[in-house]
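Colleague: Below you'll find the structure I mean.
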Amino acid sequence: MGRPAPRPLLLALLSLAVCRGRVVRVPAGTLVRVVGTELVIPCNVSDYDGPSEQNFDWSFSSSGSSFVELASTWEVGFPAQLYRERLQRGDILLRRTANDAVELHIKNVQPSDQGHYKCSTPSTDATVQGNYEDTVQVKVLADALVVGPSSRPPPGLSLREGEPFELRCIASTTSPLHTHLALRWELHRGPVHRSILALSHEGRFHPGPGYEQRYHSGDVRLDTVGSDAYRLSVARALSADQGSYRCVVSEWITEQGSWQEIQEKAVEVATVVIQPTALQLAVPRTVSVTEGKDLDLSCNITTDRVDDVRPEVTWYFKKTPDTSLLASHMLARLDRDSLVHSSPHVALSHVDTRSYHLLVRDVSKENSGYYLCLVALWAPGHNRSWHKVAEAMSAPSGVSVTWLEPEYQVYLNASKVPGFSDDPTELQCRVIDTKRLEASVRLTVSWYYRMTRRNDDVVASELLAVMDGDWTLRYGERSKQRAQDGEFIFSKEHTDTFNFRIQRTTEEDRGNYYCVVSAWTRQRNNSWVKSKDVFSKPVNIFWASEDSVLVVKARQPKPFFAAGNTFEMTCKVSSKNIKSPRYSVLITAEKPVGDLSSPNETKYIISLDQDSVVKLENWTDASRVDGVVLEKVQEDEFRYRMYQTQVSDAGLYRCMVTAWSPIGGSLWREAATSLSNPIEIDFQTSGPTFNASVHSDTPSVTRGDLIKLFCIVTVEGAVLDPDDMAFDVSWFAVHSFGLDKAPILLSSLDRKGVVTTGQRDWKSTVSLERVSVLEFLLQVHSSEDQDFGNYYCSVTPWVRSPTGSWQREAEIHSRPIFITVKMDVLNAFKYPLLIGVGLSTVIGLLSCLIGYCSSHWCCKKEVRETRRERRRLMSMEMD
């Protein structure tokens, strides 16, 4: 640890670090103040970057040579006894504005305060760098400024808006120095002070905010009268000119090219009160006028202004009796230049200067409402300007337009009544007993629906369609979609007849219907206004609804037959509560009870629609495309025939019949569906029984070997000639340990010897051949790992009947056999081992070659030894 530095040296270092080039500054030149005002002298230190506050000392000298301590920011006992009392009263105080700035305040300056004031900063610097004090001179003048109003006490002026007024302020000075006066007029309205117009000490005029336009137009002026009077002139008083007016005078002096304000005085001059202009309007309270006549409304003005004021009159119209102009429509306006701006069929005129008339020609019902008269009085200003002095709104004048409404009756009848669902309904709404139907009256209709209830519950009516006065037809929510689809038709046959037609009446359409005929009157703007509604009596649309009944009975004319014969079945249909039915028939087949080959499977064979169009459904036997026939015997009877029946055709046969009702045009609606009783085809024969099994001598093979699988068919029961038997054989594989995946078709052989092979994604190939009459061989060549799994065969036997036709027997399946494909380890690793040994040998030889070359050419060093060195070594060994 080093020795601590001496204190003087530490202070010197601190001063060098904190105050480098320090300069103390006070205002330059001479400060001039008037007795009784406040003196403020700022002092600051430039180039000060210290972290704490800078200390300041103030001293005073009346002559400039010997200074007396006045005040200090850091030493309490610094001031002289002469100033301590004033410091305690607060007449003299120091106010710090920053770490490096302070202000000296002397309130109520006295003549003895004239002199020199020095501001200094205490220093502990080892080396003086800059200025540590500065001095400013202060002159104190006697109060020679006199400010006052032209008359005392301040007068109160009461004016009307638009009248002129003047205010005067007396200001003079007897200062021995060459001073200038600046004057400013202010308007006080409560806490708000506004500058009106000012004359600066340099002789320039400055209008206050909001008075610029009035000053430039000459409405507000500031003039001098004599040597000490200043006059504020207002040509046209406004309501905003009301308040208390003050005259603010300041005295200025120039010192070394800069201006100083040495004092300021203000005086209340006058209080101005602007009296509002009285304005009252009178309009008729209620007026009744007949439609087609002219409406005449008067607006009478009463005011206390007799000077040159011009009225601006505006008439408004609205539907509500309040005086707000919201949602109102301006009809006509007479501006202050007597120019009229009006709507069509509206005129505005004035009989004299106090009465204005609104004329509305050829009134209609839409003119009924409330009329308002708005009047504004304008007074001329300076330079041809105008300002509003008063505005009033009249009470609403209610106008009712009476007219002779047409008289008529409305009659509704049903020209078509439905008896069933989907029947059409037509309603006719007629206008009868018409009176006073003029050319300007138009009739339209609205259609309504109301549900029928057995109890007394009130049900709201639903709008179906409404026609406006301009013939625009609008649909209700209930009928919009059906009208767009053409199911609801609204039409007008004559001027007094309206029709409503439902093309397909549903049970939901049952209920009460009524129409409303509206009378519309044409207005002046060619628009239409509804004037009257007349309701018809309701018409009830209803029919007793019963459930549709459809019964189908099937029978077999020839109950016993053998395979190869023709099967015939007829279906008789009867219906009830179905309008004009037509029938479509679908023949279905199911396996007989006890057949587990495809239980619960219904097969669609052939169909005939309501237009007698026949269609084969799921009949897939290509050799018997023409073997099934479905025909219509009568309107309600159908016959199904199947030629050359086979044993595989055994099952339950039914007729599925659907009844259709016409709904207009070529459209049909499904009314009911029914299924007939079953007719069974059962061949009572004792034919052979076939079974299938799979055998393989190679259930486990090595990859690449041949897989052989035999499908063996056995026959039990009746003995058949081999020429009377044929088989369709298909091989399937499930490539998994279980049977959880879908089988893949490998190959198939039909009874005619045609082989079909399935598509696979690997390289092994399959072949299928018939080894003997009852054995079929499947071979998988060049087996792959993917060929493992369960294999089975599917066999469909065909037997020749005594009639010579081939009968297809039920399809049979063998049990699956699992085939395993193993990998040949020697062949699998032979080539990788050979390649590895070869690469290792090449890499070893290459490494040896690189090492030899490196040692022979790159790392060889030649060592040279002198004889002397060898002799020294020999002598050392001998020693």
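Colleague: If you take every residue apart from ARG641 with its C-beta less than 10 Å away from the C-beta of ARG641, what net charge results, scoring Lys and Arg +1 and Asp and Glu -1?
Modeller: -1
Colleague: Could you give the length gained on full extension between SER349 and MET330, defined as 0.36 nm per residue of separation minus the Cα-Cα distance, in nm?
Modeller: Contour length minus the Cα-Cα distance gives 5.3 nm.
Colleague: For the chain, what does the accessible surface come to per residue with a 1.4 Å probe? Please give it in Å².
Modeller: 56
Colleague: Under a Cβ-Cβ cut-off of 11 Å, what is the net charge of the residues other than PRO396 that fall near it, where Lys and Arg count +1 and Asp and Glu count -1?
Modeller: Once all neighbours under 11 Å are counted, the net charge is +2.
Colleague: What is the local net charge at ALA229, summed over the other residues whose Cβ is closer than 10 Å to its Cβ (Lys, Arg +1; Asp, Glu -1)?
Modeller: Once all neighbours under 10 Å are counted, the net charge is 0.
Colleague: Evaluate 2.2 N^0.38 Å with N set to the residue count of region 242-294, then give the Cα radius of gyration divided by it.
Modeller: Here the Cα radius of gyration is 3.00 times the empirical estimate.
Colleague: Jot down the per residue volume, in cubic angstrom and as a whole number, of the convex hull over the alpha-carbon atoms of region 227-377.
Modeller: Value for region 227-377: 209 Å³ per residue.
Colleague: For MET451, tell me the accessible area in Å² from a 1.4 Å probe, rounded to the nearest 10.
Modeller: Accessible area, nearest 10 Å²: 90 Å².
Colleague: Can you give me the % of accessible surface on the chain that is carbon or sulfur? Probe 1.4 Å, all protein chains present, nothing else counted.
Modeller: Ligands and nucleic acids excluded, carbon and sulfur reach 52 percent.
Colleague: At 7 Å along Cα-to-Cβ for each site, give me the label-to-label distance between TRP259 and THR402 in nm.
Modeller: About 7.9 nm separates the two model spin labels.
Colleague: Starting from the Cα of LYS265, draw a straight line to each of the lysines and keep only those under 18 Å, dropping any in the same chain fewer than 8 residues away.
Modeller: Straight-line reach from LYS265, under 18 Å: LYS107.
Colleague: In the chain, which whole DSSP H runs stretch at least 18 Å along their own axis (Cα) and average 1.0 or higher on the Kyte-Doolittle scale?
Modeller: Length and hydropathy pass: 825-853.
Colleague: OK, next. Find the centroid of the Cα atoms in region 182-240 and in region 446-509, then give the distance between the two in whole Å.
Modeller: Rounded to whole Å, the Cα centres lie 78 Å apart.
Colleague: Turning to a different aspect of this structure: Please report the antiparallel percentage of the DSSP beta bridges confined to the chain, to the nearest 5.
Modeller: Of the beta bridges lying entirely in the chain, close to 95 percent run antiparallel.
Colleague: On to the next question. Please tell me which of these pairs span more than 19 angstrom C-alpha to C-alpha: LYS118/LYS139; LYS572/LYS632; LYS318/LYS532; LYS416/LYS576?
Modeller: Long pairs (Cα-Cα over 19 Å): LYS318/LYS532; LYS416/LYS576.
Colleague: Let me ask something else about it. Give a residue-ordered list of calculated ³J(HN,Hα) values for region 754-759 (Karplus: 6.51 cos²θ - 1.76 cosθ + 1.60, θ = phi - 60°; whole Hz; x for Gly, Pro).
Modeller: 8, 9, 10, 10, x, 8
Colleague: Quick one: 3J(HN,Hα) in Hz for region 386-394, Karplus 6.51/-1.76/1.60 with θ = phi - 60°, rounded, Gly and Pro as x.
Modeller: 10, 9, 7, 10, 6, 8, 8, 10, 6
Colleague: Mind scanning LYS603/LYS763; LYS708/LYS752; LYS591/LYS708; LYS558/LYS752 and naming the pairs with a C-alpha gap bigger than 29 Å?
Modeller: Flagged as over cut-off: LYS603/LYS763; LYS591/LYS708; LYS558/LYS752.
Colleague: Which order, highest average first, do 161-167, 847-853 follow once you tally other Cβ atoms within 10 Å for each residue and take the mean per peptide?
Modeller: 161-167, 847-853
Colleague: Hey, another quick one. Cβ neighbours within 10 Å, averaged per peptide: list 27-39, 778-790 in order, most packed at the top.
Modeller: In decreasing order of mean packing, 27-39, 778-790 become 778-790, 27-39.
Colleague: Here's a follow-up. Inverting the mean 1/r over all pairs of different Cα atoms, compute the Kirkwood radius of region 513-644 and quote it in Å.
Modeller: So the Kirkwood estimate lands at 20.3 Å.
Colleague: What does the C-alpha gyration tensor say about the overall shape of the chain? Classify as rounded when a/c is under 1.5, otherwise prolate if a/b is larger than b/c, or oblate.
Modeller: It is oblate, given that a/c is not under 1.5 and a/b is not larger than b/c.
Colleague: With only Lys, Arg, Asp and Glu charged, each at its Cβ (+1 for the first two, -1 for the last two), find how big the charge dipole of the chain is about the Cα centre; round to the nearest 20 debye.
Modeller: With only Lys, Arg, Asp and Glu charged at Cβ, the dipole is about 1440 debye.
The values are calculated or read from the model by the stated rules, or taken from the named source; none is laboratory data. Given the structure is predicted, the values throughout are model-derived calculations rather than measurements. Note: ideal-geometry Cβ built from the backbone for every residue, glycine included; neighbour counts use all protein chains shown. Side chains are part of the model used for accessible areas, which takes the heavy atoms of the whole protein and leaves out ligands, DNA and RNA. Shrake-Rupley method; radii C 1.70, N 1.55, O 1.52, S 1.80 Å.
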